[in-house]
Amino acid sequence: MNPIPVIMDVDTGIDDAMSLLFAVRHPGIELRAVTCVAGNTGVDQVAANTRYVLDAAGAPDIPVARGSARPMLVPPADASHVHGADGLGGFSRPSDRRMSPLPAVELLRRELMGAVGTGERITLVPSAPLTNIALLLRTHPEVAAGIERIIFMGGSASGGNATAAAEFNIWHDPEAAAIALTAAGDLDIPVTMYGLDVFNDVVVTRDEAAALRSGLDPAAQLAGSLIRFACDIFGQDEATIGDAGTVCAVVDPDGLTTQRFGVRVELGNGFARGQTLVDRRTWTGDHKADPHSTKPTMIDVALAVDGRRYADLWLTTIGG
Ligand code: BDR
């Protein structure tokens, strides 16, 4: 089978790094470009981390573009308490890899329109706040013809992590998430939400991380070090591969159980701001009777994952 063409939109980030390492190393993925956005850390640090991780992975000259430095409306709020001051657990190193001269939205437009020109469709994998994706879809809706589907890490059908209600990526820029989902619905782009309902179920142990670190491969060493850092920060003997589950699902969709629901993003300023409100009712009436003004977007919500299957897939892809 030909590898699946993929573009990742990241806020690297420990688990974005684990995701990038997998995407570069898995033969079933052809990573065409990476776009960066503010989230776990500032966008310039995200870009620096991303370039270093691609170096460690031994990636070819994949274009890396700088995207939005801030959410649509609210100021950025990083997650250095989880990812460390450099966003990469202290493991970030300088890279000679050049940045694309294009802004992220323009790089995305060119890559996707290039795909349209050759009759291809690219899978978009955002594992970050959806700021770049919202801007892209509303500014250049014609790119929809070049998108196979969007599988994003974010949201939840249960509870949140940044707040009791909201998952971090959505909470960081709820307006962007609402725009991206609504635009995807308008443009008939299939969307899968890989949210907190599955995010924490794909775990790698300290021992498995130590085995990764014991070899000479820089990608495996970095992956093992990141897992160990995540174990330490949460005081546990295992850590989730987090965002990397999304790329596992790209190459092994049968490991994921999804169900189609209408989803909206809560944009109020109360305690539920940033919540992905997943309508799990069996009622299938239209939304004329619903007092909310925004139509929910029908998307595939991941509700269960074969955690061991994805953990093994990730470990063997990176560790050999
Ligand atoms: C998300 O939190 C961030 O810290 C991770 O990078 C991930 O994308 C899960 O909420």
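Anything in region 129-149 that is β-branched (Val, Ile, Thr) and farther than 20 Å from residue 5 by Cα? List them, or say none.
131, 139
Which residues, taken from region 225-235, are touching a residue at least 12 places away in the same chain (Cβ under 8 Å) and not β-branched (Val, Ile, Thr)?
If the condition is that a residue be touching a residue at least 12 places away in the same chain (Cβ under 8 Å) and not β-branched (Val, Ile, Thr), then 225, 226, 228, 229, 230, 231 are the ones that fit.
Can you give me the number of residues within region 131-143 that are without any contact (Cβ under 8 Å) to a residue 40 or more places away in the chain and either part of a helix (DSSP H, G or I) or within 16 Å of the ligand (Cβ to nearest atom) (or both)?
4
I need the strands (runs of 3 or more DSSP E) fully contained in region 201-320, keeping only those with at least 3 residues that are aliphatic (A, V, I, L, M). Quick ask: steps written out before the conclusion?
On the way: elements: 203-205, 238-240, 256-265, 276-279, 297-305.
Result: 256-265, 297-305.
Out of (1) at negative phi; (2) open to solvent by less than 10 Å² (accessible area, probe 1.4 Å); (3) within 13 Å of the ligand (Cβ to nearest atom), the odd one out for residue 176 is which?
All conditions are met except number (3).
Can you confirm whether region 54-71 contains a residue that is β-branched (Val, Ile, Thr) and more than 30 Å from residue 145 (Cβ to Cβ)?
To start, the set of residues in region 54-71 that are β-branched (Val, Ile, Thr) comprises 62, 64.
Imposing the further condition that a residue be more than 30 Å from residue 145 (Cβ to Cβ) reduces the set to none.
Checked region 54-71: no residue is β-branched (Val, Ile, Thr) and more than 30 Å from residue 145 (Cβ to Cβ).
Let me spell it out: the conditions are (1) touching a helix residue (DSSP H, G or I) at 6+ places or on another chain (Cβ under 6 Å); (2) surrounded by fewer than 16 Cβ atoms within 10 Å (Cβ to Cβ), and residue 204 meets all of them except one. Which number is the exception?
(2)
Does residue 118 meet the test of being touching a residue at least 24 places away in the same chain (Cβ under 8 Å), away from the ligand (no atom under 16 Å from the Cβ) and among the hydroxyl-bearing types (Ser, Thr, Tyr)?
Numbers: touching a residue at least 24 places away in the same chain (Cβ under 8 Å): no; away from the ligand (no atom under 16 Å from the Cβ): yes; among the hydroxyl-bearing types (Ser, Thr, Tyr): yes.
In short, no.
Spot the failing condition for residue 189; the list is (1) surrounded by 21 or more Cβ atoms within 10 Å (Cβ to Cβ); (2) more than 13 Å from the ligand (Cβ to nearest atom); (3) β-branched (Val, Ile, Thr); (4) in a helix (DSSP H, G or I), and only one is missed.
In the conditions (1) surrounded by 21 or more Cβ atoms within 10 Å (Cβ to Cβ); (2) more than 13 Å from the ligand (Cβ to nearest atom); (3) β-branched (Val, Ile, Thr); (4) in a helix (DSSP H, G or I), residue 189 misses (4) alone.
Between a first residue in region 236-257 that is without any contact (Cβ under 8 Å) to a residue 24 or more places away in the chain and a second residue that is β-branched (Val, Ile, Thr) and away from the ligand (no atom under 16 Å from the Cβ), which pairs have beta carbons less than 6 Å apart while being 6 or more apart in sequence or on different chains?
Here the result reads none, with nothing in region 236-257 linked to a residue that is β-branched (Val, Ile, Thr) and away from the ligand (no atom under 16 Å from the Cβ).
Based on what the data block shows, is residue 107 in contact with a Ser or Thr (Cβ under 9 Å, 6 or more places away or on another chain) and modelled with pLDDT of 95 or more?
Details: in contact with a Ser or Thr (Cβ under 9 Å, 6 or more places away or on another chain): yes; modelled with pLDDT of 95 or more: yes.
Considered against the rule, which asks whether it is in contact with a Ser or Thr (Cβ under 9 Å, 6 or more places away or on another chain) and modelled with pLDDT of 95 or more, residue 107 comes out as yes.
Give region 84-124 a look and list any residue that's open to solvent by less than 10 Å² (accessible area, probe 1.4 Å) and over 21 Å from residue 69 (Cβ atoms), or say none.
Once the filter is applied, which keeps residues that are open to solvent by less than 10 Å² (accessible area, probe 1.4 Å) and over 21 Å from residue 69 (Cβ atoms), region 84-124 yields 112, 115, 122, 123.
Looking at the structure I just gave you, is residue 48 over 19 Å from residue 227 (Cα atoms), in contact with a Ser or Thr (Cβ under 8 Å, 6 or more places away or on another chain) and either of a type in the set (Phe, Trp, Tyr) or open to solvent by 10 Å² or more (accessible area, probe 1.4 Å) (or both)? Let's see the steps before the verdict.
On the way: over 19 Å from residue 227 (Cα atoms): yes; in contact with a Ser or Thr (Cβ under 8 Å, 6 or more places away or on another chain): yes; either of a type in the set (Phe, Trp, Tyr) or open to solvent by 10 Å² or more (accessible area, probe 1.4 Å) (or both): yes.
Yes, satisfied.
Evaluate the following for residue 162: is it open to solvent by 30 Å² or more (accessible area, probe 1.4 Å), among the small types (Gly, Ala, Ser) and within 11 Å of the ligand (Cβ to nearest atom)? Lay out the reasoning, then the answer.
On the way: open to solvent by 30 Å² or more (accessible area, probe 1.4 Å): yes; among the small types (Gly, Ala, Ser): yes; within 11 Å of the ligand (Cβ to nearest atom): yes.
Against the criterion (open to solvent by 30 Å² or more (accessible area, probe 1.4 Å), among the small types (Gly, Ala, Ser) and within 11 Å of the ligand (Cβ to nearest atom)), residue 162 qualifies.
Does residue 115 count as part of a loop (DSSP other than H, G, I, E, B) and more than 29 Å from residue 316 (Cα to Cα)?
Details: part of a loop (DSSP other than H, G, I, E, B): no; more than 29 Å from residue 316 (Cα to Cα): yes.
Taking the combined requirement at face value, the residue does not satisfy it.
Across region 144-185, what is the total count of residues that are under 15 Å from residue 125 (Cα atoms), in contact with a helix residue (DSSP H, G or I) (Cβ under 8 Å, 6 or more places away or on another chain) and in a helix (DSSP H, G or I)? Even if it seems obvious, please write down each step before you answer.
Let us first name the residues in region 144-185 that are under 15 Å from residue 125 (Cα atoms), namely 144, 146-155, 169-170, 177, 180-181, 184.
From what is left, the residues that are in contact with a helix residue (DSSP H, G or I) (Cβ under 8 Å, 6 or more places away or on another chain) are 144, 146-147, 150-155, 169-170, 177, 180, 184.
With the extra rule that they be in a helix (DSSP H, G or I), the set shrinks to 144, 146, 169-170, 177, 180, 184.
Here the count works out to 7.
Scanning for something open to solvent by 10 Å² or more (accessible area, probe 1.4 Å), at pLDDT below 95 and within 22 Å of residue 144 (Cα to Cα), does region 1-14 turn up at least one residue?
Scanning region 1-14 turns up at least one residue that is open to solvent by 10 Å² or more (accessible area, probe 1.4 Å), at pLDDT below 95 and within 22 Å of residue 144 (Cα to Cα).
The values are calculated or read from the model by the stated rules, or taken from the named source; none is laboratory data. The shown structure was predicted, so the numbers you read here are calculated from the model rather than taken from an experiment. Positions of Cβ are generated from backbone atoms using ideal geometry, with glycine treated the same way; all protein chains shown enter the neighbour counts. What goes into the accessible areas is simple: the full protein's heavy atoms, side chains included, and nothing from ligands, DNA or RNA. Shrake-Rupley method; radii C 1.70, N 1.55, O 1.52, S 1.80 Å.
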